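**Q** Structure below; questions to follow.
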Amino acid sequence: MPKRNGWTIAEHAGDVTPDRTQRLLNRASWDTLAAMSEVRRFAAAGLAEAARRGRRRGGLVIGAIDETGQEKAGEATAGVKRHYLGCAGRVANGISTVHLSYVREGTGHALIGARQWIPREQVSDPVTSRATGLPPGLRFRTKGQLAIDICADAYADGISFDFICGDEVYGSSTQLREFLEARGQAYVLRVASSFPVTLAGGMKLTCAQAVRQLVKDRRQWEVRSAGQGSKGRRWYAWAQIGTASPRHHLLVRRHLATGKLAFHYCYVPEGQLLTKPLAGVDSHSGGDIFQTESDPAVQVFLTWFK
């Protein structure tokens, strides 16, 4: 529907007036999480059917964790706080919501889960909590913990992923990484340059130190495309560094012009076969999940891991 309001939704549903639609949106009591579960299963099944019709059943299924921000002028909305908002490109007053996008490579993608982030001070202050309409007994959850909640909901609905990917906010969450590994869920998560890795022999280095010490030769880098951008194909140099664990690897991306590095901590559970065909990709790790096709870091990592 190109335009969505009470009238257009009612007409689409076959109603003469928007009364029933407005009642549902404004006054009806309904279970948000249960409704989200219906949407999640509907979206995953629809994309699976589209992949089957397009004979693309072998494509990767990726769960992309990311967040969106929305600027707000006042202070009465639950979750409002001055913090960095990607939509504004600066520190601003607004809310942030953690999302999970279901991506079927070469077919499409859809948002299948969401949790609004609520600042700790709003949760702990009973006056603010009541004034903003927060539910009683709400506990503060970090963005990494919200990502755990969303992924757990998806698993409970029988949805599975070949890989989970996300940016530094989620790669830095030890709880999220442990949760995914406990489920045997492979992941490729962006981490900071200061993220510690344990190499063979027990040597502990940060990601930046590991690159300086172990990837000195340009021949250790491999140039691969990160998909089509607004100015043409985006090319980066990639290098992979093994760790003390055969299931964990560090994947490093270097910008060809600026030399800027991006680090991805990767995990593949024992026994997982990586035999899916690798296709072109159209986005980058930590990008806008509304435009995600797949993650080039996942693609490059799979190529080397196989």
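The values are calculated or read from the model by the stated rules, or taken from the named source; none is laboratory data. Quantities reported herein were computed from a predicted structural model and do not represent experimental measurements. Because the Cβ atoms are built from the backbone with ideal geometry, glycine has one as well, and the counts that use them run over all protein chains shown. Surface accessibility is based on the protein's heavy atoms, side chains included, excluding ligands, DNA and RNA. Shrake-Rupley method; radii C 1.70, N 1.55, O 1.52, S 1.80 Å.
**Q** Placing unit charges on C-beta atoms (Lys and Arg positive, Asp and Glu negative, everything else neutral), compute the dipole magnitude of segment 55-109 about its Cα centre in debye, rounded to 20.
**A** Taking the Cα centre of segment 55-109 as origin, the dipole is about 260 debye.
**Q** Right, another one. How would 33, 60, 111 rank on accessible area, largest to smallest, probe 1.4 Å?
**A** Ranking 33, 60, 111 by accessible area, largest first, yields 33, 111, 60.
**Q** Classify segment 1-122 as rounded, prolate or oblate, taking a ≥ b ≥ c as the square roots of the eigenvalues of its Cα gyration tensor: rounded when a/c is under 1.5, otherwise prolate if a/b is larger than b/c and oblate if not.
**A** Oblate, since a/c reaches 1.5 and b/c is not below a/b.
**Q** Give me a comma-separated list of calculated 3J(HN,Hα) values for segment 95-110, in order, Karplus coefficients 6.51, -1.76, 1.60 applied at θ = phi - 60°, integers in Hz, x for any Gly or Pro.
**A** Whole-Hz 3J(HN,Hα) from phi for segment 95-110: 10, 10, 10, 8, 10, 10, 9, 9, 10, 9, 4, x, 10, x, 7, 7.
**Q** Still on this structure, please answer the following. On a 1.4 Å probe surface of the protein chains, which of 37, 160 comes out largest in accessible area, and what is the full order?
**A** Sorted descending by solvent-accessible area, the residues read 160, 37.
**Q** Using only C-alpha positions, report the orientation-averaged shadow area of the convex hull of segment 101-196, nm², one decimal.
**A** 8.1
**Q** Please name which of 34, 78, 51 has its Cα lying farthest along the dipole of segment 1-81 towards the positive end, using unit charges on Cβ (Lys, Arg +1; Asp, Glu -1) and the Cα centre as origin.
**A** Of 34, 78, 51, it is 51.
**Q** Another one. Nearest 20 debye, what's the magnitude of the dipole of segment 130-225 about its Cα centre given +1 on Lys and Arg Cβ and -1 on Asp and Glu Cβ?
**A** Rounded to the nearest 20 debye, it is 460 debye.
**Q** Along the charge dipole of the chain, which of 13, 227, 159 sits closest to the positive end, that is, farthest toward it, with unit charges on the beta carbon of Lys, Arg, Asp and Glu (+1, +1, -1, -1)?
**A** Working it through, the farthest residue towards the positive pole turns out to be 227.
**Q** Let me check something: with ligands and nucleic acids excluded, how do 72, 231, 204 order by accessible area (1.4 Å probe), largest to smallest?
**A** 231, 204, 72
**Q** Of the cross-linked pairs 3/72; 143/260; 81/231; 143/204; 204/260; 72/143, which ones have a Cα-Cα span greater than 30 Å in the structure shown?
**A** As for pairs spanning more than 30 Å Cα to Cα, those are 81/231.
**Q** Let me ask something else about it. Let me know the whole percent of all Cα-Cα pairs from segment 206-253 that are separated by more than 17 Å.
**A** So the portion of pairs separated by more than 17 Å is 43 percent.
**Q** Once every DSSP H run of n ≥ 4 in the chain is given -39500 (n - 2.57) and the sum is divided by its residues, what mean residue ellipticity at 222 nm do you get, rounded to the nearest 500 deg cm²/dmol?
**A** One gets -9000 deg cm²/dmol as the mean residue ellipticity at 222 nm.
**Q** So what is the relative contact order for the chain, in percent, with contacts set as C-alpha pairs under 8 Å and at least six apart?
**A** Rounded, it is 15 percent for the chain.
**Q** Can you work out ³J(HN,Hα) from phi for every residue in segment 218-225, in order, using Karplus 6.51 cos²θ - 1.76 cosθ + 1.60 and θ = phi - 60°, giving whole Hz and x for Gly and Pro?
**A** 4, 6, 7, 9, 10, 7, 9, 7
**Q** Further question on the same structure: Under a 5 Å amide H to amide H cut-off, with H placed in plane at 1.01 Å, what residues pair with residue 113 once short-range neighbours are removed?
**A** Under 5 Å from the amide H of residue 113: 100.
**Q** Using a 1.4 angstrom probe and counting only protein chains, how large is the accessible area of residue 195 in Å², to 10?
**A** In the full protein context, residue 195 sits at about 30 Å².
**Q** Could you tell me what percent of the DSSP beta bridges with both partners in the chain are antiparallel, to the nearest 5?
**A** Bridges in the chain are about 90 percent antiparallel.
**Q** Which of 88, 22, 129 sits closest to the plus end of the dipole of segment 1-158, meaning its Cα is farthest towards the positive end, when Lys and Arg get +1 and Asp and Glu get -1 on the C-beta?
**A** Checking the options against the dipole of segment 1-158, the answer is 88.
**Q** Separate question: Could you tally the net charge around residue 158, taking each other residue with its Cβ under 14 Å from the Cβ of residue 158, Lys/Arg +1 and Asp/Glu -1?
**A** 0
**Q** Tell me, what HN-Hα J-couplings in whole Hz come from the Karplus equation 6.51 cos²θ - 1.76 cosθ + 1.60 at θ = phi - 60° for each residue of segment 184-197, using x for Gly and Pro?
**A** x, 9, 5, 8, 9, 10, 5, 10, 7, 5, 8, 4, x, 10
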